[in-house]
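Report on the following structure.
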Amino acid sequence: MSIGRNDQCICGSGKKYKHCCINKILKSEEMPFYKVLRTSEPGSVAIIITRERPDKNIQYINILVDMWKIGLKSCFGDKNMSKDKFNSHYAYMCGKMQTDFIECDINEAKWIIKYGLRIANELKLPIPKEFYELKDIIGNLDDVKVEGSLYKCYMCGKNDLPEEAVDCIKDITLHEVERGVCGTPDEIMSLFICEECSEKPEKKK
């Protein structure tokens, strides 16, 4: 959808576009959120953040965060996509990943992304270039605090792990990155839980 100079401005002012917002370039972070979604399974989390453009198309960023090993793993998106095309793409993603996305608070999404960046930076692993091209869709991450141990409990995803467990995960991850087996069937699943979760009774099947 395009807007002509003499059309009514899409900002809602009632003025013609040529007398209103024609020269205003709206930054991504100034656009309203359309949808913020995440996968529900722990560990490897996909985040989708979308914003609605003035022409009613959307911008979106899709980020995959491996919270158990390498952190921010992959990223892709688009700065100008129709809602119909996005909905088709979203349905394809659900089928490909064999999971459903759930609505997510933007602050939670930002925390997961910042956490993924922290892991990747600590291990000196490359951040996908697409992240830097699309990160303004996310908004400001400067005030997002990710504290405590580098890796968190496998079960609750929030509580800290002891230093020995963190060092073990780091060693395994870096070794697997060097061998090129991270994210493949040949990787080692190193899952550690916090003291609080270890004391919870195991659920009977």
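Key figures
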| quantity | calculated |
| --- | --- |
| Qualifying residue in segment 101-112 (condition: surrounded by 11 or more Cβ atoms within 10 Å (Cβ to Cβ), free of Cβ contacts under 8 Å to residues at least 60 places away in the same chain and within 12 Å of Val65 (Cβ to Cβ)) | yes |
| Residue check for Leu125: in contact with an Asp or Glu (Cβ under 7 Å, 6 or more places away or on another chain) and closer than 30 Å to Glu195 by Cβ | no |
| Single match in Lys56, Lys69, Lys124 (criterion: among the charged types (D, E, K, R), in contact with a Cys (Cβ under 8 Å, 6 or more places away or on another chain) and either assigned by TED's automatic domain parsing to the domain that holds Thr173 or assigned to a loop (DSSP other than H, G, I, E, B) (or both)) | Lys69 |
| Residue selected from segment 28-57 under the condition of a type in the set (A, V, I, L, M, F, W, C) and more than 13 Å from the chain's Cα centre (by Cα), by the criterion modelled with the highest pLDDT | Phe33 |
| Members of segment 148-161 found to be in a loop (DSSP other than H, G, I, E, B) and either at pLDDT below 95 or closer than 19 Å to Ser44 by Cβ (or both), listed by number | Ser149, Leu150, Tyr151, Cys153, Tyr154, Met155, Cys156, Gly157, Lys158, Asn159, Leu161 |
| Residue match in segment 90-101 (condition: touching a Lys or Arg at 6+ places or on another chain (Cβ under 8 Å) and assigned by TED's automatic domain parsing to the domain that holds Ile61) | yes |
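The values are calculated or read from the model by the stated rules, or taken from the named source; none is laboratory data. All values reported here derive from a predicted model rather than from experimental measurement. Counting neighbours? That spans all protein chains shown, and the Cβs are built from the backbone with ideal geometry, glycine included.
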